[in-house]
Amino acid sequence: MRLPEDARGAQWALGLSGGADSVALLHKCLEAGVRPVALHFNHAFEDENGDEAEAFCRALCASLGVALRVGRRVASPQERGSKESRARTARMAFFAQETRAAGCVGVLLAHQADDRAENLVLRLARGCGSEGLSSFGWGGGLPGAADLRVWRPLLDETHAAQVAWLRERDRVWVEDVSNADLSIPRNAIRRVLAPLLPHFTAGANAAADLLAEESACLNRLAEAATASRTAQALELRPGTDATLARRALRAWLPTTLTRRQTEALLALPVGGVTQVEGGLGVRRVGDWTWVRL
């Protein structure tokens, strides 16, 4: 386990689902002298055992003397996006709210090496480039809350290692019943694809590390190709390569651009206007200049 440098000097929160990874992380933190504030979010999906997991987390934290904050939200069937993406959005919003309320600097998450490998494959299927395929790293910002940090202490360990660690100590956890549903892409990768490739997790994580390095290099080159950038306007140096221009546009706009939206910005004629995510309007005012409307 690799804790952040200020783990003992600052107050951290910890995302506690009740599953093996997050339960192992909580126990390991306590053994290391770090006492986080636990955050549990019950998605209340009818086909999952969310109430069981919530009750387990309440009992576990009470037995350990760990402060616990619990959230619950019943999603509407009319909400857009996949079940997994909607759950993640709601969970991250709860984490941000309660992390601030508890006076914490960030959230410790129990993502491990298998999660990162699976995430790379999912992003590959969506057509991501090196930025997306580098997946997540040890640290970063909490999604939707730039003032809060995220740290993943278990990123160089596997799920199997967490299960073995808990069993050696006769500690229990709650198994999410949805993990057996192969219609969920992440489960299919974990239960069907990964067993066919003996070095899947190690290889995918090595690839993600390499892609992260290459992505950082391209970001530096894109920055060098930027003549000027403000909140309202972006000007690139004449002759900028399209790959770097796409990077610069994504870095400039305060929203997540799809590949199609980025290409639309590059293809705009001078004077042309297009809209990107969130209804944000952008006009091209020169061969190498765009402005926000």
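For this structure, a couple of remarks:
- Of the residues examined, L257 is one that is hydrophobic (A, V, I, L, M, F, W, C) and within 16 Å of E131 (Cβ to Cβ).
- Checking the stated criteria, L3 turns out not to satisfy the condition of being closer than 21 Å to R100 by Cα and crowded, with 23+ Cβ neighbours inside 10 Å.
- Some residue of the range 170-180 being more than 30 Å from R58 (Cα to Cα), buried (at least 18 other Cβ atoms within 10 Å of the Cβ) and modelled with pLDDT of 95 or more: no
- Close pairs from the range 236-264: first on the phi < 0 side of the Ramachandran plot, partner surrounded by 14 or more Cβ atoms within 10 Å (Cβ to Cβ) and hydroxyl-bearing (S, T, Y), Cβ under 7 Å, at least 6 apart: L236/T226; R246/T262; A248/T226; L249/T262; R250/T262; A264/T274
- Single residue of the range 124-142 satisfying the filter (open to solvent by 40 Å² or more (accessible area, probe 1.4 Å) and within 13 Å of L211 (Cα to Cα)) that is nearest to the chain's Cα centre (by Cα): E131
- Residue in the range 153-163 that is open to solvent by 20 Å² or more (accessible area, probe 1.4 Å) and of a type in the set (S, T, N, Q) present: yes
- For the range 273-292, the tally of residues that are under 17 Å from A227 (Cα atoms) and more than 29 Å from the chain's Cα centre (by Cα) stands at 8.
- The residue that is farthest from D176 (Cα to Cα), counting only those in the range 55-66 that are open to solvent by 30 Å² or more (accessible area, probe 1.4 Å) and not small (G, A, S), is L64.
- Qualifying residue in the range 8-21 (condition: within 14 Å of W173 (Cβ to Cβ), surrounded by fewer than 16 Cβ atoms within 10 Å (Cβ to Cβ) and small (G, A, S)): no
The values are calculated or read from the model by the stated rules, or taken from the named source; none is laboratory data. Owing to the predicted nature of the structure, the values given are computational and were not obtained by experimental measurement. Note: ideal-geometry Cβ built from the backbone for every residue, glycine included; neighbour counts use all protein chains shown. Ligands, DNA and RNA are stripped out before the accessible areas are found, and what is left, the full protein with its side chains, is counted by its heavy atoms. Shrake-Rupley method; radii C 1.70, N 1.55, O 1.52, S 1.80 Å.
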